[in-house]
Every structure is written in C-alpha cells, then in structure tokens.
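Notes to accompany the following structure.
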Amino acid sequence: MKVLVVGSGAREHALVDGLLADDTVTEVVAAPGNAGIAARVRVAPVDVLDGAAVADLAVAEAADLVVIGPEAPLVAGVADAVRARGIACFGPSAQAAQLEGSKAFAKQVMAEAGVPTAMAHVCTTADEVGRALDQFGPPYVVKDDGLAAGKGVVVTEDRDAALAHAVACLARGGDARVVVEEFLDGPEVSLFAVTDGTTVVPLQPAQDFKRAGEGDTGPNTGGMGAYAPLPWAPADLVEQVTERVLQPMVDAMHRRDMPFAGLLYAGLALTSRGVRVVEFNARFGDPETQVVLANLRTPLGSLLMAAATGTLDRLPPLAWQSGYAVTVVIAASGYPESPRTGDVVSGLEEAAQEVGVDVFHAGTALRDDGEVVTSGGRLLSVTAHGDSLAHARQHAYAAVDLIRIEGSHHRRDIAQTAAEGGAR
C-alpha cells in the first residue's frame with residue numbers, strides 16, 4: 001500500500017520510519033514533512049488544516065491510506081474530508097476528535113462512560129474560576145478547554161498565577177472556557193490505544209516529561225523526553241486501563257453516534273485512590289510515539305490500515321521487542337516562550353551512528369545551501385533502544401552530546417529515576 005503521512009514533527013518522522021519498515025508498505029509520502037523526513041521519503045507542500053487540499057493531495061498521490069499526525073487537522077475535520085473522497089484514513093472524525101478539542105466535552109463523555117477522572121468545574125468567567133479554585137484548593141489545576149499544543153495546563157501552588165492563566169484563556173472571547181480540576185497525586189502514565197471504533201488494541205505504556213527543566217522545573221512544554229515501557233508499573237495496568245477507561249470511552253462514543261476510530265491517548269495519574277484520567281488526546285502523542293514505536297515489532301502499516309478499515313479484530317496480538325526505549329528532546333534557544341530559528345544543526349550523522357539510535361526531526365528545515373537549520377521550538381528527538389533503561393539512556397545521551405546547535409537545551413534526567421528503580 002501507499003501511505004500519505006500528514007504533519008511535520010518528530011512524531012510524523014517516527015511514523016514514517018515505522019511505515020517504511022513494513023513490507024506491505026510500498027511507498028510513503030509526507031506532507032509537509034521536515035528536513036529529516038525529506039531525507040527518508042518524498043515530501044509535498046500542503047496546508048494541514050485545509051481538508052480539501054489534503055484530500056486532493058491524497059487523490060493525486062493515489063494513496064491507499066492517509067495517516068494524520070497532529071491534533072489540529074483532526075479537530076478541523078481533515079480526516080472527514082479524506083474519507084469523503086473514498087480513501088482510508090487513520091484519524092478520528094471532527095466530532096470524535098472533540099475528546100481532545102474540548103476538555104469539557106471529554107468530561108461529559110467520561111461521566112457517561114463511568115470513567116474515573118478528577119472532579120472538575122467548567123468555567124466561563126473569572127468569578128467562576130475563583131470559586132472553583134477555592135473549592136479545590138492548592139495545588140491548583142487550570143486547563144484551557146481547547147487545543148493549546150500541550151501547553152494549556154497550569155499546575156501551581158500560586159492562586160494568583162492559576163487565576164491569571166484562566167483569565168488569559170478566557171480572554172480569547174467567543175465560547176472560550178477553562179476547566180478547573182482537583183489535583184491528582186501519583187505518577188503520570190501515557191497509554192495509547194489503536195481502535196477502529198469497536199475493537200481496542202492498547203500499546204505499551206510510556207511516561208513523558210513536560211517541564212522544560214530538570215527535576216520537573218520550569219515552564220510547561222510540548223514534551224522534553226519520554227521512555228517506555230515502565231518497569232515500575234503494575235503488571236495489570238494495561239489490562240485495567242483497557243477495561244475501565246479505553247473500551248468504555250470507545251463504547252460511549254459509539255452510543256453517541258460519533259465513533260472514535262484512530263489513536264485514543266489516555267493521560268493517566270496512578271493516584272493513591274487508583275487510576276484516574278488526566279486527559280484524552282485524539283492522536284499519537286509526541287514524544288511518547290518515538291519510544292513506543294521503537295519497541296513495536298508488529299508491522300505498523302497493517303495495524304493502522306486495520307483501524308482505518310474496521311478490521312482490527314482480525315489482527316493477531318501485537319508483538320514487542322524486548323528492552324526499553326528512551327527519547328531526549330533537544331529544544332531551541334528560547335523554547336518554549338520564544339524559540340529562536342535559523343541556527344545550524346550539526347553532528348547529525350555522527351549521532352545516528354550511535355548504537356540503537358534514531359534521530360527524529362521536528363522543528364528543522366533544509367537551507368538552500370544544504371545545511372539543516374532550526375525552524376521551530378522542539379528540534380530533534382534523539383531516541384535509543386537498549387536492553388535496559390540505563391543502556392538506552394546511555395546511548396541516547398551519547399548521541400545528544402554529538403549534536404551541536406547554538407543555544408539549544410535539553411534535560412539530562414529523562415528516565416533517570418526509573419533507571420535507578422523509582423517511578424519517575
């Protein structure tokens with residue numbers, strides 16, 4: 001089959017590489033891609049939010065399957081536009097993607113499905129926010145109801161900071177809302193599930209690191225690193241979450257006549273009271289995708305096509321490589337507040353020679369003179385596989401140290417605690 005991958009991040013780079021490893025995939029095209037993706041497959045320009053343009057490109061390329069990576073095109077209905085042209089698409093409809101597009105909507109569905117989550121209030125005014133903050137107390141948790149590229153959440157002991165974040169979100173006007181929640185204790189886990197709207201196939205659990213600084217300090221980001229699987233997680237975690245969270249949500253969406261087919265991402269907190277859902281996403285997460293796919297041995301194209309065509313129940317159980325994967329994100333100078341662009345990226349070839357290492361590009365572009373330069377905030381996901389977390393970390397950081405980008409920064413503690421026997 002021929003596959004069109006839509007997006008330009010490290011997640012899409014990892015998807016492209018995973019698809020290329022599938023013998024049933026004859027060709028992969030990416031749109032718009034990035035410098036790293038362009039070194040692997042042919043890329044094409046496209047506005048990822050323009051459903052008609054993406055669908056036209058899929059038809060022109062005679063794609064058998066379209067895989068949509070980012071959340072914004074899904075919420076905008078790009079998957080619907082592709083399917084309307086008779087092409088299989090991995091990614092939920094605009095209606096189903098509301099599970100990520102609106103945290104208030106996700107809370108409603110969770111209530112219907114009996115899925116355990118944090119108590120919450122949906123607020124439309126600063127006064128409502130203030131009352132909700134006082135009800136729950138610190139630590140305060142305030143979430144932008146809509147899409148915010150993974151950076152719409154504030155968790156703080158400072159009531160004024162929580163209120164200020166809420167007011168900034170509400171200032172967008174229109175139907176802007178914020179969700180104020182109770183704080184959930186315990187380590188967080190990301191669990192992906194591929195689903196065709198009926199059958200749910202969970203992947204490996206992973207853990208990501210959202211804060212910019214080591215020790216989970218600094219501002220929230222789109223993600224500074226991840227690892228999988230989780231040596232400290234309960235043995236029945238995947239089974240428990242599938243039965244109590246994933247399958248009930250898929251069933252609830254089916255009852256609403258808006259079936260969810262694609263990738264359902266559950267962000268979880270393993271609290272002292274049991275598993276609680278922090279949030280849902282409607283697509284592969286970044287950077288967790290990079291580590292989960294590094295361990296997957298089931299052909300990726302066959303898996304995604306089965307989800308897109310309603311035949312997941314016919315697939316054999318997923319196969320996984322033994323060992324662990326760690327990814328470390330290298331970010332641009334000034335990220336996340338005001339990332340600098342145009343810096344030259346060097347050392348990529350040397351880094352790729354490290355044992356078990358893949359370097360996935362995100363915010364990179366190819367300059368006219370052939371130099372790879374920075375073009376975004378998160379630049380590279382340096383991903384390594386090893387027989388232990390310690391070995392995977394060793395290989396990943398050895399590769400990171402070979403890459404040179406003026407002013408760039410990364411965390412040195414990704415998976416460190418887990419490698420030493422802790423939970424994070």
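All C-alpha pair distances within segment 60-132, sorted into 10 Å bins from zero, spread as 18, 34, 27, 15, 6, 1 percent across the bins. Between segment 175-216 and segment 220-287, how many Å separate their Cα centres? Segment 175-216 and segment 220-287 have Cα centres spaced 6 Å from each other. Once you order the gyration tensor axes a ≥ b ≥ c over the Cα atoms, which shape class does the chain get: rounded for a/c under 1.5, otherwise prolate or oblate by comparing a/b with b/c? Here the chain falls in the rounded category. With the cut-off at 1.5 for a/c, could you classify segment 245-307 from its C-alpha gyration tensor as rounded, prolate or oblate? Verdict is oblate for segment 245-307.
Determine the shape class of segment 324-419: with a ≥ b ≥ c the square roots of the Cα gyration tensor eigenvalues, call it rounded for a/c under 1.5, and otherwise prolate if a/b is greater than b/c, oblate otherwise. Could you put the intermediate results ahead of the total?
Values: a/c = 2.72, a/b = 1.60, b/c = 1.70.
Taking the square roots of the gyration eigenvalues as a ≥ b ≥ c, segment 324-419 is oblate.
Counting every pair of alpha carbons in segment 2-90, the share spaced more than 18 Å apart comes to 33 percent.
The numbers here are math on the coordinates, done by the rules we state, and not lab data. As the structure is a prediction and not an experimental result, all values here were calculated from the model.
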